[in-house]
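J.: Below is a structure I'd like to ask you about.
The values are calculated or read from the model by the stated rules, or taken from the named source; none is laboratory data. Here the structure is a predicted model, which is why all the values come from computation and not from measurement. In this analysis, Cβ positions are derived from the backbone assuming ideal geometry, glycine residues included, and neighbour counts consider all displayed protein chains.
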Amino acid sequence: MPMYSKITGMGSYIPTIVKKNEDFLESEFLNEDGTPMNYPNKVVIDKFKAITGIEERRYASSDLNSSDLGYLAAKKAIEDAGINQEELDYIILAHNFGDVKNTAIQSDILPSLASRVKHRLGIKNPNCVAYDILFGCPGWIQGVIQAEAYIKSGMAKKCLVIGSETLSRVLDMHDRDSMIYSDGAGACVIEATEQENSVGILSSVAQTDTFDECYYLFFGNSFDKTENPDVRYIKMFGRKIYEYALNNVPNAMKDALDKSNVAIKDVKKIFIHQANEKMDQAIVKRFYRLYKMSMPKNIMPMSIHKLGNSSVATVPTLIDMVNKGLVKDQEINKGDVVIFASVGAGMNINAIVYKY
């Protein structure tokens, strides 16, 4: 009987601090060369919302770091799966910046965040291997792909995959792009299951483009030239990322779907990384255009309007919210085929075709 990798539990942690767009009205946004912008913040913010769809975002409270958020999401996923956590074979935690304490200027990844989560969970089993992966925003999906590889090889029966990030701790508040980013965590338990009919992960693809694209997202100086030049912040070439995503993500999604032998008309939902509303819509529209179809209504659940872009956390958080009926007019039913897809720093892309 075929072996499949099935998500048996989901959990997420949504931080409590709400940062609305209007909270940036008094910010001092600067151009890259440090000069003031030529138009008022209200214009900057309105244009930002029109492009990204973001109205507000969530920041972690000062007493919580990324590993704390990951632990809280993981605990919920384990409870949702109803498993004995001592039976976990792997804990895979995707992040980008480690634990950055509030007001700190250094990242802390010693020990790994996955080890910290395992410690917080109180797991004693030494054969439960905990490690981190750095794969940009697609990190959680890549962790799921790795978990499936362990299960298919016979090396694991139960895996915990977490995506956690506190991007609010690495923002240059003089850069208008800082309004995009947020904090959050999502997690899932993946288990091996023998079934006659296909279920769980049906196919996946992943790729890394570095020849020209490696530094589309990078660590750079503040736009405020009076700040310490040795302190770096998350930076991006937004137009280059947009064009790269539009030209590459739809093809990766098609590759994954074609490998699964599922017809495009049978796809019920697409859970895409919550990076930018217009970009996500353009990607999915182009994906359907590859099949000479129009993008169906309600095919793409969105959480970016209220949660912003929390990097590795966006996809698992969104899936968890839809599963729990927290996204209006969106649901997943037994037998539904869905696609998970993401793009981010590296530049990395991945996609999974999954059947509930």
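J.: Within the group Ala156, Ala114, Ala81, Ala149, which residue is in contact with a Lys or Arg (Cβ under 9 Å, 6 or more places away or on another chain) and either without any contact (Cβ under 8 Å) to a residue 60 or more places away in the chain or over 23 Å from Gly344 (Cβ atoms) (or both)?
T.: Values: Ala156 fails: in contact with a Lys or Arg (Cβ under 9 Å, 6 or more places away or on another chain); Ala114 fails: in contact with a Lys or Arg (Cβ under 9 Å, 6 or more places away or on another chain); Ala149 fails: in contact with a Lys or Arg (Cβ under 9 Å, 6 or more places away or on another chain).
Within the list Ala156, Ala114, Ala81, Ala149, the selection yields Ala81.
J.: Cβ-Cβ distance below 9 Å, separation of 6 or more or different chains: which pairs start in segment 282-293 with a residue that is closer than 12 Å to Asn247 by Cα and end on one that is among the charged types (D, E, K, R)?
T.: Short answer, once both residue conditions are applied: Phe287/Lys254; Leu290/Lys254.
J.: Identify, from the list Glu165, Glu86, the residue that is out of contact with any strand residue (DSSP E or B) (no Cβ under 6 Å at 6 or more places or on another chain), at pLDDT 95 or above and under 30 Å from Ile51 (Cα atoms).
T.: Numbers: Glu86 fails: under 30 Å from Ile51 (Cα atoms).
On inspection, the qualifying residue turns out to be Glu165.
J.: Of all residues in segment 108-140, how many are buried (at least 16 other Cβ atoms within 10 Å of the Cβ) and either within 17 Å of Ala74 (Cβ to Cβ) or of a type outside the set (A, V, I, L, M) (or both)? Lay out the reasoning, then the answer.
T.: From segment 108-140, those buried (at least 16 other Cβ atoms within 10 Å of the Cβ) are 108-109, 112-118, 121, 123, 128-130, 132-140; that's our starting set.
Narrowing further to those that are either within 17 Å of Ala74 (Cβ to Cβ) or of a type outside the set (A, V, I, L, M) (or both): 108, 112-118, 121, 123, 128-130, 132-133, 135-140.
So the answer is 21.
J.: Oh, and also: Where the second residue is in a loop (DSSP other than H, G, I, E, B) and of a type in the set (A, V, I, L, M, F, W, C) and the first is at positive phi and not assigned by TED's automatic domain parsing to the domain that holds Leu93 and lies in segment 124-135, which pairs have Cβ atoms under 9 Å and are six or more apart or on separate chains?
T.: The qualifying pairs do not exist here.
J.: Of these, Ile105, Ile91, Ile83, which one is in a loop (DSSP other than H, G, I, E, B) and surrounded by 15 or more Cβ atoms within 10 Å (Cβ to Cβ)? Talk me through it step by step, then tell me what you get.
T.: Details: Ile105 fails: surrounded by 15 or more Cβ atoms within 10 Å (Cβ to Cβ); Ile91 fails: in a loop (DSSP other than H, G, I, E, B).
Ile83 is the lone residue from the list that is in a loop (DSSP other than H, G, I, E, B) and surrounded by 15 or more Cβ atoms within 10 Å (Cβ to Cβ).
J.: Something else: For segment 325-356, how many residues meet the condition of being touching a residue at least 40 places away in the same chain (Cβ under 8 Å) and assigned to a loop (DSSP other than H, G, I, E, B)?
T.: Pass one, segment 325-356, residues touching a residue at least 40 places away in the same chain (Cβ under 8 Å): 330, 332-333, 336-356.
Right, trim to assigned to a loop (DSSP other than H, G, I, E, B) and you get 330, 332-333, 336, 345-347, 356.
Number satisfying all stated conditions: 8.
J.: Conditions first: (1) at pLDDT below 95; (2) closer than 22 Å to Glu148 by Cα; (3) not small (Gly, Ala, Ser). Tyr354 passes all but one, so which condition is the exception?
T.: Tallying (1) at pLDDT below 95; (2) closer than 22 Å to Glu148 by Cα; (3) not small (Gly, Ala, Ser), Tyr354 fails exactly one: (1).
J.: Restricting attention to segment 256-284, report how many residues are of a type in the set (D, E, K, R) and either under 27 Å from Asp183 (Cβ atoms) or surrounded by 16 or more Cβ atoms within 10 Å (Cβ to Cβ) (or both). Step through it out loud before you land on a result.
T.: Going through segment 256-284, the residues of a type in the set (D, E, K, R) turn out to be 258-259, 265-266, 268-269, 277-278, 280.
Right, trim to either under 27 Å from Asp183 (Cβ atoms) or surrounded by 16 or more Cβ atoms within 10 Å (Cβ to Cβ) (or both) and you get 268-269, 277-278, 280.
Total satisfying the criteria: 5.
J.: Further, regarding this structure: How many residues are among the β-branched types (Val, Ile, Thr) and within 14 Å of Asn96 (Cβ to Cβ) if we restrict to segment 107-124?
T.: Keep residues of segment 107-124 that are among the β-branched types (Val, Ile, Thr), which gives 109, 117, 123.
Narrowing further to those that are within 14 Å of Asn96 (Cβ to Cβ): 109.
The number of residues fulfilling the criteria is 1.
J.: Only one of (1) under 25 Å from Leu202 (Cα atoms); (2) surrounded by fewer than 24 Cβ atoms within 10 Å (Cβ to Cβ) fails for Gly53. Which number is that?
T.: The number of the failed condition is (1).
J.: Go through segment 178-205 and report how many residues are at pLDDT below 95 and of a type in the set (D, E, K, R).
T.: Residues in segment 178-205 being at pLDDT below 95 and of a type in the set (D, E, K, R): 2 in total.
J.: Check every one of the strands (runs of 3 or more DSSP E) wholly within segment 1-79 and list those with 3 or more residues that are of a type in the set (S, T, N, Q) and at pLDDT 95 or above. Before you say what the answer is, go through the steps one by one.
T.: On the way: elements: 3-13, 17-20, 56-59.
The strands (runs of 3 or more DSSP E) meeting that bar are 3-13.
J.: Give the residue, chosen from Asp172, Asp177, that is among the acidic types (Asp, Glu), crowded, with 20+ Cβ neighbours inside 10 Å and either assigned to a loop (DSSP other than H, G, I, E, B) or assigned by TED's automatic domain parsing to the domain that holds Arg58 (or both).
T.: Asp172
J.: Now a separate question. Inside segment 29-61, can you point out the residues that are more than 26 Å from the chain's Cα centre (by Cα) and among the charged types (D, E, K, R)?
T.: The initial filter retains those residues of segment 29-61 that are more than 26 Å from the chain's Cα centre (by Cα), namely 29-43.
Those that are more than 26 Å from the chain's Cα centre (by Cα) and among the charged types (D, E, K, R): Glu32, Asp33, Lys42.
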